[in-house]
1. Of the conditions (1) more than 19 Å from residue 258 (Cβ to Cβ); (2) in contact with a Lys or Arg (Cβ under 9 Å, 6 or more places away or on another chain); (3) of a type outside the set (A, V, I, L, M), residue 195 clears all except one; give me its number.
2. State whether the residues of region 249-271 include one that is modelled with pLDDT under 80, in a helix (DSSP H, G or I) and farther than 16 Å from residue 77 by Cα.
3. In the list 43, 26, which residue meets the criterion of being free of Cβ contacts under 8 Å to residues at least 24 places away in the same chain and part of a helix (DSSP H, G or I)?
4. Only one residue in 205, 212, 179 is crowded, with 22+ Cβ neighbours inside 10 Å, out of contact with any strand residue (DSSP E or B) (no Cβ under 7 Å at 6 or more places or on another chain) and in a helix (DSSP H, G or I), so which one is that?
5. Can you find even one residue in region 90-112 that is of a type outside the set (A, V, I, L, M), farther than 22 Å from residue 326 by Cβ and touching a residue at least 24 places away in the same chain (Cβ under 8 Å)?
6. Quick test of your reading of the structure: residue 1 fulfils all but one of (1) modelled with pLDDT under 90; (2) surrounded by fewer than 17 Cβ atoms within 10 Å (Cβ to Cβ); (3) within 21 Å of residue 294 (Cα to Cα). Name the failing condition by number.
7. Would you tally the residues in region 215-234 being modelled with pLDDT under 80, over 17 Å from the mean Cα position of the chain (by Cα) and buried (at least 20 other Cβ atoms within 10 Å of the Cβ)?
8. Which is buried (at least 19 other Cβ atoms within 10 Å of the Cβ) and under 18 Å from residue 287 (Cα atoms), of 15, 52, 24, 19?
Amino acid sequence: MSFAVQARNIIPGLALTAAVAMAAVLVQGLETRWLGGALLEPLVLAILIGAAIRSVFGLRRGLWAGVRFSAKTLLEVAIVLLGLSMSLGEVAGLGLPLVAGIAGIVAIAIPLSYLIGRGLGLAPKLAALVACGNSICGNSAIVAAAPVIEAEAEEVAASIAFTAALGILVVVLLPILGAQLGMGPERYGILAGMTVYAVPQVLAATAPFGLASTQVGTIVKLVRVLMLGPVILTLGLLSGRGAGLSFGRLVPWFILGFLAAVAVRSLGLVPPAGLAAAQLGAEGFTILSMAALGLLVDVRGVLHAGGRVLAAGVLSLAALALLGGALGFVAG
């Protein structure tokens, strides 16, 4: 397929995504004007508006390509650009104990979540998908794990449905919880990085606590995402399919790009004007990606996923939040 054809396929959905993003920014401006402050950040508003449009009006076939492009490619670009706001000194500032704690919590959360799912009567493969999605990075982990464990399409759909629903709830409610508990930026960033499913959702969840919280939350979340490689490799080896896993499956390109951007910033190769432009670009692309993620969520489909799957997700998420909160308390 030529570039021109691909562009024509993407433009309609990209235009809808941009419209949702602009609506979110407009609503945030109205909040500030009428209420004296923004109750919900544009990133969260973009998710809610997008999900409402998808659930009420659906999404025509011609819009899918552009929406998926916005939800995947644009958010990956945003993550890479965010790397320019951090230096290796800041990453090293997390300390080896915190990195080890993140890896340890993931190692605990996966079997714990699996046992919760099995205890609620979920089939083994469905419980495994819920455990991977909950403990690592939501849909990305589910999609990566599904072919390795040979999960059925219905199991993948159900696990993704709960992730979409709970992911939005976490982004909306976690900042309220952090504020009620009086958490500081670093401690809250650790909690968000350990609890929120997707990397761009971490940006939304930490935005109310400032840039420092966003930086900590993103680094914590990326360390968590890096656990996807060992987990998928382990699943592959256990199922006898490890030889078929590619490097790209184990380490997504945007993680490498993020790390490269951090290295460039640490070497002082980007002028202040470039850093400002990169930050603005990261914010814009993130709002667009969150609008697209909202457009991919059909609340009616989530309702059909089943109470047991949602219950497993909620209980597993609560356990992960407790573990993440404990890590934040110790490290913060």
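The values are calculated or read from the model by the stated rules, or taken from the named source; none is laboratory data. Not measured: the values here are computed from a predicted model. Every residue, glycine as well, gets a Cβ built from its backbone with ideal geometry; the counts of neighbours run over all protein chains shown.
1. Every condition holds for residue 195 apart from (2).
2. The answer is yes, given that some residue of region 249-271 is modelled with pLDDT under 80, in a helix (DSSP H, G or I) and farther than 16 Å from residue 77 by Cα.
3. Within the list 43, 26, the selection yields 26.
4. On the way: 212 fails: crowded, with 22+ Cβ neighbours inside 10 Å; 179 fails: crowded, with 22+ Cβ neighbours inside 10 Å.
After ruling out the rest, the residue left standing is 205.
5. First pass over region 90-112, keeping only residues of a type outside the set (A, V, I, L, M): 90, 93, 95, 97, 101, 104, 111.
Narrowing the set further to residues that are farther than 22 Å from residue 326 by Cβ leaves 90.
After this cut, where a residue has to be touching a residue at least 24 places away in the same chain (Cβ under 8 Å) as well, the list is 90.
Within region 90-112, one or more residues are of a type outside the set (A, V, I, L, M), farther than 22 Å from residue 326 by Cβ and touching a residue at least 24 places away in the same chain (Cβ under 8 Å).
6. (3)
7. The number of residues fulfilling the criteria is 1.
8. Numbers: 15 fails: buried (at least 19 other Cβ atoms within 10 Å of the Cβ); 52 fails: buried (at least 19 other Cβ atoms within 10 Å of the Cβ); 19 fails: buried (at least 19 other Cβ atoms within 10 Å of the Cβ).
Going through 15, 52, 24, 19 in turn, the sole match is 24.
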